[in-house]
1. Distance check, please: which entries in Lys65/Lys144; Lys65/Lys178; Lys144/Lys178; Lys153/Lys178; Lys43/Lys67; Lys61/Lys175 exceed 30 angstrom between their Cα atoms?
2. Could you compute the net charge surrounding Tyr163? Neighbours are other residues with a C-beta less than 15 Å from the C-beta of Tyr163; K and R count +1, D and E count -1.
3. Note down the relative contact order for the range 2-142 as a percent, whole number, built from C-alpha pairs under 8 angstrom at least six residues apart.
4. Over the chain, with a Gaussian network built from C-alpha contacts below 10 Å, which listed residue (Arg145, Arg46, Arg97) shows the highest mean-square fluctuation?
5. Dividing the alpha-carbon radius of gyration of the chain by 2.2 N^0.38 Å (N being the number of residues), what value is obtained?
6. Could you work out, for the range 31-93, what percent of all Cα-Cα pairs fall into each 10 Å distance bin, beginning at 0 Å and stopping at the bin that holds the largest distance?
7. May I ask you to give the solvent-accessible area per residue for the chain, in square angstrom, as obtained with a 1.4 angstrom probe?
8. Most fluctuating residue of Ala75, Ala15, Ala60 in a GNM of the chain with Cα springs under 10 Å: which is it?
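The values are calculated or read from the model by the stated rules, or taken from the named source; none is laboratory data. Being a predicted model, the structure only gives us computed values, none of them experimental. Neighbour counts run over all protein chains shown; Cβ positions are idealised from the backbone, glycine included. To get the accessible areas, we keep the full protein, side chains included, count just its heavy atoms, and leave off ligands, DNA and RNA. Shrake-Rupley method; radii C 1.70, N 1.55, O 1.52, S 1.80 Å.
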Amino acid sequence: MRFKSIYIWYGTPLALIVIWVFAVYIPFSSQVRNRERSLESVKQERKQVETSIITISRQAKSDDKWKESLNEFKAQAPLIDMMPDFIREIEKAARNRGVIVDNVTSIHSTIDTEQKSYVINPVFEFELKGGFLETGRFLEELSKRIAFRGIQKARISYNEKQYPPVTGRYTIEFKALKGKIFEGK
């Protein structure tokens, strides 16, 4: 009988512990693990959403910069129809710098009207006469314009008997718009 009481005294708490483990602890721990997994998945989704938001905001900033530069280009680049006025404006800027524009020749073979772009690159040959520094300042000022694309060729000559001492032929490429772009937008 003594063993029966020992079984009862030790067996009952042991049985209660086993019942509690299977009835309470295991289901509760599985719920905790499920919630931890769902919390991890939510954290992963949150990271993905944050990276998407950052990417979208960077793209929006980039788009805004492109639109701003396009609007600036449209405002400052001449239309191909208005190139004579643009060239006159360049001649006036040259005179203000102390450089004489002796001759301007358009090189028509460079204008491709079949091109599907809104921007074309007309090329002109300028004969400039002036001091070396003045001509350099004028060309530097010209290169800061949005419509300026680059100097393709330059040939400078120096003559002490002639004033101004430096003359040169510069083949300069510009950017011009074919027509009014994005009128309806």
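1. From Lys65/Lys144; Lys65/Lys178; Lys144/Lys178; Lys153/Lys178; Lys43/Lys67; Lys61/Lys175, over 30 Å: Lys43/Lys67.
2. -1
3. 16
4. Taking springs between Cα atoms under 10 Å, the residue moving most is Arg46.
5. Normalised Rg, Cα atoms only: 2.49.
6. The calculated distribution, bin by bin, is 18, 20, 16, 13, 12, 9, 7, 4, 0.
7. Dividing the accessible area of the chain by its residue count gives 78 Å².
8. The residue that fluctuates most here is Ala15.
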